[in-house]
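The values are calculated or read from the model by the stated rules, or taken from the named source; none is laboratory data. Quick caveat: nothing in here was measured; it's all calculated off a predicted structure. With ideal geometry, Cβ positions are generated from the backbone for all residues, glycine too; neighbour counts draw on all protein chains shown. In case anyone asks, the SASA skips ligands and DNA or RNA and just uses the protein heavy atoms, side chains included. Shrake-Rupley method; radii C 1.70, N 1.55, O 1.52, S 1.80 Å.
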Amino acid sequence: LLSLCYTEEAAVIVSGLKDTDVFVGESATFTCELSHPGVKNVQWWLDGSPLHNNFVTEISEQDGMVHTLTLNDVACHDSGTVTFRAGSLISSAKLLVKGISFLE
């Protein structure tokens with residue numbers, strides 16, 4: 001008989017963050033899927049700084065398992081390492097923001 005009462009330790013990352021390249025002014029989206037909901041202490045970071053939900057940074061979750069971070073209107077200085085933490089689970093990926101070069 002399978003128990004539906006999971007412990008936090010049983011959660012694993014099903015699908016981790018992926019490196020993302022975008023141009024200045026675009027949006028960058030990172031998604032991390034966990035094996036089940038209910039993991040506590042979910043936090044997103046960019047280069048070691050915690051991110052919070054605001055008009056530039058959109059943090060959402062679906063069914064408690066699919067966690068999404070969208071950075072809107074990115075600038076060159078947003079390039080860095082995005083990290084997702086949920087309890088003891090960690091997934092990281094690189095964000096590269098490219099400048100727009102105008103062709104002559």
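With a cap of 10 neighbouring Cβ atoms within 10 Å, and only residues DSSP puts in a loop, list the trypsin sites (Lys or Arg not before Pro) found in the range 5-104.
Details: sites: 18, 40, 85, 94, 98; in loops: 18, 40.
Answer in residue order: 40.
Compactness of the range 13-98 is given as radius of gyration and Dmax, 12.2, 36 Å, from Cα positions.
Considering only protein heavy atoms, what per residue accessible area in square angstrom results for the chain with a 1.4 angstrom probe? Working shown, then result.
Working: 6720 Å² over 104 residues.
With all protein chains present, the chain gives 65 Å² per residue.
Among 78, 63, 21, the residue with the largest mean-square fluctuation in a Gaussian network model of the chain, with springs joining Cα atoms closer than 10 Å, is 63.
Show 76, 32 ordered by accessible area, largest first, where the area counts protein heavy atoms only and the probe is 1.4 Å. Please list the in-between numbers first.
Working: 76 75, 32 0 Å².
From most exposed to least exposed: 76, 32.
In the chain, taking the dipole from charged Cβ atoms about the Cα centre, the farthest positive-side position among 12, 79, 95 is held by 12. Ranked by solvent-accessible area (1.4 Å probe, protein heavy atoms only, all chains present), the residues 55, 23, 30 order from largest to smallest as 55, 23, 30.
Expressed as a whole percentage, what fraction of the accessible surface of the chain belongs to carbon and sulfur atoms when a 1.4 Å probe is rolled over the protein heavy atoms?
Working: 3720 of 6720 Å².
Answer for the chain: carbon and sulfur cover 55 percent of the accessible area.
Summary value for the range 13-98: 39 percent relative contact order, contacts being C-alpha pairs under 8 angstrom separated by 6+ residues.
Taking the Cα centre of the range 13-98 as origin, work out the dipole magnitude from +1 charges on Lys and Arg Cβ and -1 charges on Asp and Glu Cβ, in debye rounded to 20.
Values: 5 positive and 10 negative charges, 53 e Å.
For this selection, approximately 260 debye.
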